[in-house]
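Visitor: Questions regarding the structure given below will be posed in turn.
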Amino acid sequence: TLFLDEIGNLDLDIQAKLLRALESRTVTRVGGTRPMHVDIRLICATNVSARQLADPFHFRQDLLYRINTVEVTLPPLRERQEDIPLLIKHFQTVYGRKYDKPDTQVSRETLKQLMAYRWPGNIRELKHATERAVILSQNGELKLSDFMTGTHGS
């Protein structure tokens, strides 16, 4: 399985190489001379819809048709506020173990403010913010100021 994140950002020449590899099921290693057979399952992610990718000046249509077999749309975190407490709890557990701070807590008020934040970086931003909060936490309490950097705002 090969996962390509933000496939819409690939240069057109790289898109052509990817399409060729998918169609021929072969690749040639850098510095190599012989093609090698590959059998992969490709999973791609992008922050734009397939319709937006369909601009022929930025994304090859033949590649889009080849990779867009099944489209799964995940709404952004700001549209799934009910997931935020569960995700924070998960990341608290992960980073609590990593940084030897297993008993951290988030107050209801802090959680309420975190749920009101738009999270433009989605889960990745929440993950990093929670890691930061665990690292900075004192006395087991994760404060709003521990989650937020100067680039965050409500």
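Visitor: Applying the selection to the stretch 90-107, what residues are among the hydroxyl-bearing types (Ser, Thr, Tyr) and surrounded by 17 or more Cβ atoms within 10 Å (Cβ to Cβ)? Steps first, answer last, please.
Guide: Going through the stretch 90-107, the residues among the hydroxyl-bearing types (Ser, Thr, Tyr) turn out to be 93, 95, 99, 104, 107.
TYR95, THR104, listed by residue number.
Visitor: Within the stretch 24-60, restricting attention to residues that are among the small types (Gly, Ala, Ser) and in contact (Cβ under 8 Å) with a residue 12 or more places away in the chain, which residue is nearest to ASP5 (Cα to Cα)?
Guide: Within the stretch 24-60, the first condition is being among the small types (Gly, Ala, Ser), and the residues that meet it are 24, 31-32, 45, 49-50, 54.
Subsequent filtering for residues that are in contact (Cβ under 8 Å) with a residue 12 or more places away in the chain retains 45, 49-50.
On the way: ALA45: 5, SER49: 14, ALA50: 14 Å.
For the stretch 24-60, the residue satisfying everything is ALA45.
Visitor: Looking at the stretch 45-60, which of its residues are among the aromatic types (Phe, Trp, Tyr), modelled with pLDDT under 90 and either in a helix (DSSP H, G or I) or closer than 10 Å to GLN15 by Cβ (or both)?
Guide: Here is the first cut: in the stretch 45-60, the residues among the aromatic types (Phe, Trp, Tyr) are 57, 59.
Keeping just the survivors that are modelled with pLDDT under 90 gives 57.
None - no residue of the stretch 45-60 is among the aromatic types (Phe, Trp, Tyr), modelled with pLDDT under 90 and either in a helix (DSSP H, G or I) or closer than 10 Å to GLN15 by Cβ (or both), so the list stays empty.
Visitor: Tell me which residues, restricted to the stretch 108-133, are among the acidic types (Asp, Glu) and within 15 Å of THR149 (Cβ to Cβ).
Guide: Kept after step one, since they are among the acidic types (Asp, Glu), are these residues of the stretch 108-133: 109, 125, 131.
Within the stretch 108-133, GLU125, GLU131 qualify.
Visitor: Which residue is farthest from ALA54 (Cα to Cα), if the candidates are limited to the stretch 1-42 and must be in a loop (DSSP other than H, G, I, E, B) and of a type in the set (Asp, Glu)? First the steps, then the outcome.
Guide: Narrowing the stretch 1-42 to residues in a loop (DSSP other than H, G, I, E, B): 1, 6, 10-11, 25, 29-34, 38-41.
Pick out the ones that are also of a type in the set (Asp, Glu) and you get 6, 11, 39.
Details: GLU6: 14, ASP11: 14, ASP39: 26 Å.
Step by step, filter the stretch 1-42, then rank; the result is ASP39.
Visitor: Between THR69, THR73, THR26, which is hydroxyl-bearing (Ser, Thr, Tyr), over 30 Å from SER137 (Cα atoms), at pLDDT below 95 and over 18 Å from the mean Cα position of the chain (by Cα)? Explain how you work it out, then say what you get.
Guide: Numbers: THR73 fails: over 18 Å from the mean Cα position of the chain (by Cα); THR26 fails: at pLDDT below 95.
Of THR69, THR73, THR26, the one residue that is hydroxyl-bearing (Ser, Thr, Tyr), over 30 Å from SER137 (Cα atoms), at pLDDT below 95 and over 18 Å from the mean Cα position of the chain (by Cα) is THR69.
Visitor: Something else: In the set LEU63, LEU87, LEU111, which member is surrounded by 13 or more Cβ atoms within 10 Å (Cβ to Cβ), in a helix (DSSP H, G or I), assigned by TED's automatic domain parsing to the domain that holds GLU6 and touching a residue at least 24 places away in the same chain (Cβ under 8 Å)? Break it down into steps so the answer makes sense when it comes.
Guide: On the way: LEU87 fails: assigned by TED's automatic domain parsing to the domain that holds GLU6; LEU111 fails: assigned by TED's automatic domain parsing to the domain that holds GLU6.
After ruling out the rest, the residue left standing is LEU63.
This table checks each residue for (1) of a type in the set (D, E, K, R); (2) surrounded by fewer than 14 Cβ atoms within 10 Å (Cβ to Cβ); (3) over 29 Å from HIS128 (Cα atoms); (4) touching a Leu at 6+ places or on another chain (Cβ under 8 Å).
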site	(1), (2), (3), (4)
LEU18	no, no, yes, yes
ALA21	no, no, yes, no
THR33	no, yes, yes, no
THR73	no, yes, no, no
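Visitor: Assess whether LEU74 counts as being among the aliphatic types (A, V, I, L, M) and either touching an Asp or Glu at 6+ places or on another chain (Cβ under 9 Å) or within 30 Å of ALA50 (Cα to Cα) (or both).
Guide: Taking the combined requirement at face value, the residue satisfies it.
The values are calculated or read from the model by the stated rules, or taken from the named source; none is laboratory data. These figures come from a predicted structure and were not determined experimentally. Using ideal geometry, Cβ is built from the backbone for each residue, glycine included, and neighbour counts are taken over all protein chains shown.
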